[in-house]
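The values are calculated or read from the model by the stated rules, or taken from the named source; none is laboratory data. Everything quoted here is computed from the prediction, not taken from an experiment. In this analysis, Cβ positions are derived from the backbone assuming ideal geometry, glycine residues included, and neighbour counts consider all displayed protein chains.
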Amino acid sequence: MTHIVKGHLFKRNINCYYFNEVMHMSAAVILAGGKSRRMGRDKLELTVGGKTLLESDLQRFSEVFDDVYLSVGDAQKYPGIHMRRIVDIYPGAGPMSGLHAALSTLECDGIFLVAADLPFACPHAAKRIIELCGESDACIIKLPDGKLEPLFGYYRKTLLPLSEEALKSGENRMDKLLLRARTRFIDPSELGELWDEEIMLNINCPEDYEKLQKHTLRT
């Protein structure tokens with residue numbers, strides 16, 4: 001069963017997105033269900049600039065998106081974060097669990113899925129990706145080397161049947177889902193001045209966190 005715990009932490013602004021002159025509301029969903037095995041402790045509780053990685057993500061996206069949700073495997077996780085949350089219906093399947101639960105629960109046209117361990121994830125770039133999706137089922141960035149980043153991308157409600165089918169069959173890989181769907185793969189150049197390579201920088205291990213701290217001190 002999916003649970004949404006309602007609350008508020010940051011002031012939210014209303015933003016409307018227009019696709020082909022039809023208004024669709026989209027929500028941002030912050031994925032916070034990882035196990036942080038390589039970090040050795042919960043990486044989302046690491047602090048940078050006086051805030052945890054999770055708090056920073058929630059604040060940035062709440063300033064741009066009208067609806068922001070926290071995706072977790074356990075409803076009681078992060079008790080200090082008073083943000084609406086979505087709990088996995090099929091727990092233990094990684095990001096696919098979070099995607100499926102969000103598409104199943106929310107009534108909006110689509111969701112922007114973003115991993116909470118992307119400290120430079122830009123909500124304005126996220127809005128641009130939503131605009132570029134058009135009538136496709138999903139829209140994500142494809143780097144020149146062919147690498148995909150499914151955890152910074154837009155997913156429409158039309159993907160719900162495929163995601164449920166994947167979970168029931170035990171296929172949890174996001175890239176395989178994207179290849180089966182009508183996915184628009186965009187080049188970073190399509191984001192214009194909103195593109196920055198740091199958007200894709202994630203924090204997985206102590207060395208990554210050390211680099212992030214040094215970067216923060218330089219800026």
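Check the range 107-118 and report whether any residue there is closer than 26 Å to Thr52 by Cα, in a loop (DSSP other than H, G, I, E, B) and touching a Gly at 6+ places or on another chain (Cβ under 9 Å). Yes; the residues of the range 107-118 include at least one that is closer than 26 Å to Thr52 by Cα, in a loop (DSSP other than H, G, I, E, B) and touching a Gly at 6+ places or on another chain (Cβ under 9 Å). Only one of the listed residues (Glu107, Glu55) is among the acidic types (Asp, Glu) and without any contact (Cβ under 8 Å) to a residue 12 or more places away in the chain. That residue is Glu107.
Of the residues in the range 93-105, at least one is under 16 Å from Met174 (Cα atoms), modelled with pLDDT under 95 and either assigned to a loop (DSSP other than H, G, I, E, B) or in contact with a His (Cβ under 6 Å, 6 or more places away or on another chain) (or both).
The conditions of being assigned to a helix (DSSP H, G or I), of a type in the set (S, T, N, Q) and closer than 18 Å to Leu201 by Cβ are met by Ser56.
Examine the range 119-127 for a residue that is surrounded by fewer than 18 Cβ atoms within 10 Å (Cβ to Cβ), modelled with pLDDT of 95 or more and more than 21 Å from Pro95 (Cα to Cα), and state whether such a residue exists.
yes
Against the test of being under 27 Å from Lys211 (Cα atoms), at pLDDT 95 or above and not hydroxyl-bearing (Ser, Thr, Tyr), the options Ile81, Ile30 yield a single qualifying residue, Ile30. In the set (1) modelled with pLDDT of 95 or more; (2) surrounded by fewer than 17 Cβ atoms within 10 Å (Cβ to Cβ); (3) not in a helix (DSSP H, G or I), the condition left unmet by Tyr154 is number (2). The condition of being under 24 Å from His124 (Cα atoms) and under 20 Å from the mean Cα position of the chain (by Cα) holds for only one of Asn172, Asn202, that being Asn202.
Residue check: Glu165 meets all listed conditions (1) part of a helix (DSSP H, G or I); (2) under 17 Å from the mean Cα position of the chain (by Cα); (3) among the charged types (D, E, K, R) but one, namely (2).
Residue-wise test of (1) more than 15 Å from Ala28 (Cα to Cα); (2) free of Cβ contacts under 8 Å to residues at least 40 places away in the same chain; (3) not hydrophobic (A, V, I, L, M, F, W, C).
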| residue | (1), (2), (3) |
| --- | --- |
| Ala75 | yes, no, no |
| Met83 | no, no, no |
| Gly94 | yes, no, yes |
| Leu99 | no, no, no |
| Ile111 | no, no, no |
| Pro123 | no, no, yes |
| Leu143 | yes, no, no |
| Tyr155 | no, no, yes |
| Leu162 | yes, yes, no |
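Counting the residues of the range 58-91 that are buried (at least 22 other Cβ atoms within 10 Å of the Cβ), more than 13 Å from Ala116 (Cα to Cα) and in contact with a Pro (Cβ under 9 Å, 6 or more places away or on another chain) gives 1. Just a yes or no: is a residue in the range 74-81 farther than 22 Å from Cys139 by Cβ and of a type in the set (Ser, Thr, Tyr)? Yes, because at least one residue in the range 74-81 is farther than 22 Å from Cys139 by Cβ and of a type in the set (Ser, Thr, Tyr). Contact map, the range 184-207: residues that are more than 9 Å from Ile141 (Cβ to Cβ) and without any contact (Cβ under 8 Å) to a residue 60 or more places away in the chain paired with residues that are surrounded by 14 or more Cβ atoms within 10 Å (Cβ to Cβ) and of a type outside the set (A, V, I, L, M, F, W, C), Cβ distance under 6 Å, separation 6+ or inter-chain. Pairs shown: Arg184/Ser136.
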